[in-house]
Each structure stands twice: as C-alpha cells, then as structure tokens.
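The values are calculated or read from the model by the stated rules, or taken from the named source; none is laboratory data. Quick caveat, the model's predicted, so the values are computed rather than measured. All Cβ positions, glycine included, derive from the backbone under ideal geometry; neighbour counts span all protein chains shown.
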Amino acid sequence: MPDHVTCITACPIVNAHNPSGQGFRQRIVSAHNATGPVRPWSVTHDPRRTSWSGTVPYHFAREHRPHDLDALRALVAGSSHLRPVGTAHTFNDLPDAAAGAEVAAVSVAALDELQVGDDRTWVRVGAGLTHAQLAVALEPHGLALENLASLPHLNVAGAVATATHGSGVRTGNLATQVRAVELVLASGDVVTVRRGEPDFDGTVVGLGALGVVTALELDVVPAADHRQVVLLDGDPETLPDRLASILALGRSVSVFTLWDGSPDRVWVKSRDGDPELDLTATGLAPMTGEQHPIPGLDPVHCTAQQGVPGPWVERLPHFRPGFLPSVGDEVQSEFHVPFEHAADAARAVRAVGEHLAVALQVAEIRAVAADTLWLSPQFGQTTCSFHFTWVGDTVLADAAARVVEEALAPFAPRPHWGKHFTLDVRRAYPRLDDFRALRDRLDPDRTFVNPWLERVLLDG
C-alpha cells in the first residue's frame, strides 16, 4: 500500500495490530462488535435540507463532517450507504438520498490542505477547498489555475466530479486540470489514480459514484494579471453566423443573451501576454460602466471589468468570491453540442425564444475544448455550450428546459451533470458501459449509489 495510505495514530482502529490480515471494513466491524460503535468523526444532526439555491430538496438523515482522513476512512468503512456533498451548487438530485431512507451525507470540508509540487507545475489540493480558498492558498506561491468556472464559490472536487467548466475554444473543463485523484473506497481503503493509468479517464468525472474524493493533484501555471471587457452586440439576428468567431476572441468568452432580439453582451477575458483584442469586423463595441450578466441587477457582486488588471480569481469568474453569485433563487440548465453545430443550434434556440421568456433570467453561450474523460460532456468533442438561468419556479423552469431540449435534439446535446435536465443521456456517452464496470469494481455493494445515479446512468 502506498505511503500516503498509512494512517496516523489518531485513529486506533486503523493502526491496531492486525494479525488476521482483515481488510479495513472488516477491522471496523470487529472493533464495533468488541467495543460498541467507534465514531471518530463529527456528526451534524441537522443536515442541509436544500441545494445552494433552495430549489432542490435534500433528504439526508444526517450529515457527517470527518475531521481528517482517518476519520473519513472509518466512517466510510462503517457505512452501508453514503453520499458525498460539496457546496451543493447543483440543480438536480445528483447529491441526494432517497426520501425516507437512512442515508447520510458526508462533507470533506475539513480536508483543506495544499502542497506545491517540487517543480511548481502541480499542486495537491484537499477536496474540501473551494476555488476561492485555493486561490488564496496559491497566492504566496505565485501560482494559478489555467481556467475557472463562472463563480469561485464551488468546491474544487465537486466541480471536477461534474466536469464543470469555464470558457475557451482551446481550454478544457475543470476536470482536465486533474493529474491525480485520491479517493476513499467503500472498503475504507485509499487509492490514487494518476493520469495515464487505465482507470484515470473513468475516475476523474466520477459523479460521487466511485468513492469519496479526498485530494486532487492539479496542473498549475505561473500567476499573472487578467483583464476583462464587456462588449455590446447590436445585431443579435446575425449572432449565429458570427458565433464561432466571437467565441474565439479571447482566452475566455461568454455571450449573454435573452433570446428575444434585444442586444447581446459579450464578456472577453484575457491574460497578460495574450494578443490584443481586435474588434475589427466583429460588430461589437465596448460598453461603459460595470455590467451584471443578468440585465438590471447591481454589478457590485461582479468581478471588475473595463480592462482593469487584477488577479486571475478576480477576473476569470463573473462573480466576486465574497459576494452572492448570480441571483440565488434560480434553477439552471446547460446543454453542450458539438462545436460544428454551434450556428444551427443557436438558430434553433432563437426560434423558440418567445417560449422561454416567462422563465428565463439570462442565457450564456460558451465554448469548451475536447477531452478524453469518459463522462465529460466534452468527451471526444469541443462543444458550444448553451446555459440557462431560469427563475426559481421549478415548474416553469422544467417546462422551459424541455423546450430547449427539444430544440437542440437534432444536435445530440449532452447536459451539464449538475444542472436541471430531463434528457436520456445513456446513449450519449460511448464509454458509459466502461464506467459502469469501473463502478461495479470499486463499489460492488453500491454504497455510493443513489436514485439519481440509478435513474440517469446506471439502470440498464
């Protein structure tokens, strides 16, 4: 067993003399029978009841918050069913337990360490850190991530497990930054899977189905100032024809639209040393004053614009770390289509725009580069990604999402795993059977399976 699996003396169960050669789970059971329940972890008796937005109910019986790796291992090995939870920034029941079931949630927020690699090209990150916390920890080392999601409030491990992304035709989703995953299996054993190993591409975007992720090794780059500008597009009718060129304007580009014929706005983000922004023949013009992605909202929560230089974590996301991101009372959906269909897909959504108005707060279009991760929406394809922030009325949001799904059906959309969707995605992932086999091998007793996984991915 690798050195990093060796447990410290704080957990006597783990370090007990073990002449019988029992596995970790068997040792936990033996200790339980001999001495009664041993619980070297803290338990929250009032677990979270909803997602971050308040629009998705959770049904956990309790929530565990282990204080270290040994405590987590003991908890997992002694549990028949368990679901890992992060910052709960999901808009479906992916993290949830079945209603009425005695299933606990487990938070790894206490696992917040950072280790910088000797060559300064990678860092080891505790699974409890958010991207905002990681940025603070990286700052003294002069290091940064290549890309970030729209908001830095997300738990790093949760963002990776769901293939959450930023934007950029040459930039992959956040899971592509991973070079190694450490996780606790249902047995309580710790495994590390590294880039290039046979199981790696199936493990990174794991949706919490394989085990509890405890640490990640991530690629990093030297920190540099970034800038962003917001541009007005006064010709939304021709947006589909110009979409590919607009999405290639900068390192990270987002097009915000209401799909109602009103002017669109384009966020372009760049890093020091990137080519100067060339707006020739784009039809775009810089906007004056700070902007919020959702028209009419106060931009005080947003990261600085107007080309003002600043740290990567305060420019790549749309929202500032210390403020409420987006609206809060909302439902989100997102659908990824092959980039070659970007123009036609945009036309299809625009054609149903009037049916979305009652539910839509804003829509965002981005690009994400292809990868080889089995359950990534970008598996084998660069995508044009259509994101929708709906009102908090879940009935209206569901109806609107179904309209979009039907409009995009000819382009084989893949949804964001953490957003609201109703699509049958089982034929959209060529390596899904391989993922099922990996799950069966790592979690044969289905400790981490929940109704969402059975319904969406694993049934059939």
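Among the residues of region 405-423, just one is out of contact with any helix residue (DSSP H, G or I) (no Cβ under 9 Å at 6 or more places or on another chain) and of a type in the set (K, R), namely R414. Counting only strands (runs of 3 or more DSSP E) wholly contained in region 318-412, the ones carrying 2 or more residues that are under 24 Å from P236 (Cβ atoms), of a type in the set (D, E, K, R) and touching a residue at least 40 places away in the same chain (Cβ under 8 Å) occupy 330-338, 360-368.
None of H64, H141 is surrounded by fewer than 22 Cβ atoms within 10 Å (Cβ to Cβ), of a type outside the set (G, A, S) and over 21 Å from the mean Cα position of the chain (by Cα) except H141.
Which ones in region 152-204 are in contact with an Asp or Glu (Cβ under 9 Å, 6 or more places away or on another chain) and among the basic types (K, R)? The answer is R179, R194, R195.
Only one entry of V204, V178, V184, V169 meets the criterion of being more than 25 Å from D119 (Cβ to Cβ) and surrounded by 23 or more Cβ atoms within 10 Å (Cβ to Cβ), and that entry is V184. From the residues in region 42-61 that are surrounded by fewer than 19 Cβ atoms within 10 Å (Cβ to Cβ) and touching a His at 6+ places or on another chain (Cβ under 7 Å), which one is modelled with the lowest pLDDT? If we take residues in region 42-61 being surrounded by fewer than 19 Cβ atoms within 10 Å (Cβ to Cβ) and touching a His at 6+ places or on another chain (Cβ under 7 Å), then S42 is modelled with the lowest pLDDT.
Which residues, taken from region 280-303, are exposed (fewer than 14 other Cβ atoms within 10 Å of the Cβ) and closer than 17 Å to S245 by Cβ? Across region 280-303, the qualifying residues are T280, A281, A285. Just one of the numbered conditions (1) in contact with a Pro (Cβ under 7 Å, 6 or more places away or on another chain); (2) at positive phi; (3) surrounded by fewer than 20 Cβ atoms within 10 Å (Cβ to Cβ); (4) not hydroxyl-bearing (S, T, Y) is not true of G196: (1). Cβ separations smaller than 7 Å between residues 6+ apart or across chains give the following pairs from region 98-124 residues that are closer than 17 Å to R49 by Cα to residues that are of a type in the set (S, T, Y): A104/S79. Among residues of region 444-460 that are in a helix (DSSP H, G or I), those with a Cβ under 6 angstrom from a residue that is of a type in the set (A, V, I, L, M, F, W, C) and buried (at least 16 other Cβ atoms within 10 Å of the Cβ), sequence gap 6+ or separate chain, pair up as W452/L94; L453/A209.
So, of the residues in region 218-237 that are part of a strand (DSSP E or B) and without any contact (Cβ under 8 Å) to a residue 60 or more places away in the chain, which turns out to be nearest to S252 (Cα to Cα)? Write out each step before concluding.
Of all residues in region 218-237, those part of a strand (DSSP E or B) come to 218-219, 221-222, 226-233.
Keeping just the survivors that are without any contact (Cβ under 8 Å) to a residue 60 or more places away in the chain gives 231-233.
Values: L231: 13, L232: 16, D233: 17 Å.
Across region 218-237, the extreme among qualifying residues is L231.
For the criterion of being under 22 Å from the mean Cα position of the chain (by Cα) and either at positive phi or outside the structural domain of R242 (by TED's automatic domain parsing) (or both), G322 fails. The residue that is farthest from A244 (Cα to Cα), counting only those in region 161-184 that are touching a strand residue (DSSP E or B) at 6+ places or on another chain (Cβ under 6 Å) and of a type in the set (A, V, I, L, M, F, W, C), is V184.
Among the residues of region 413-443, the ones that are in a helix (DSSP H, G or I), of a type outside the set (D, E) and without any contact (Cβ under 8 Å) to a residue 12 or more places away in the chain come to 2 in all. The residue pairs whose first member lies in region 183-210 and is outside any strand (DSSP E or B) and modelled with pLDDT of 95 or more, whose second member is small (G, A, S) and surrounded by fewer than 21 Cβ atoms within 10 Å (Cβ to Cβ), and whose beta carbons are closer than 7 Å, counting only pairs six or more residues apart or on different chains, are S187/G23; R195/A180. Taking the conditions exactly as written (in contact with a Ser or Thr (Cβ under 9 Å, 6 or more places away or on another chain), assigned by TED's automatic domain parsing to the domain that holds L297 and among the β-branched types (V, I, T)), does V352 satisfy them or not? No. V125 falls short on exactly one of the conditions (1) touching a Leu at 6+ places or on another chain (Cβ under 6 Å); (2) closer than 25 Å to H226 by Cβ; (3) not in a strand (DSSP E or B), and that condition is (3).
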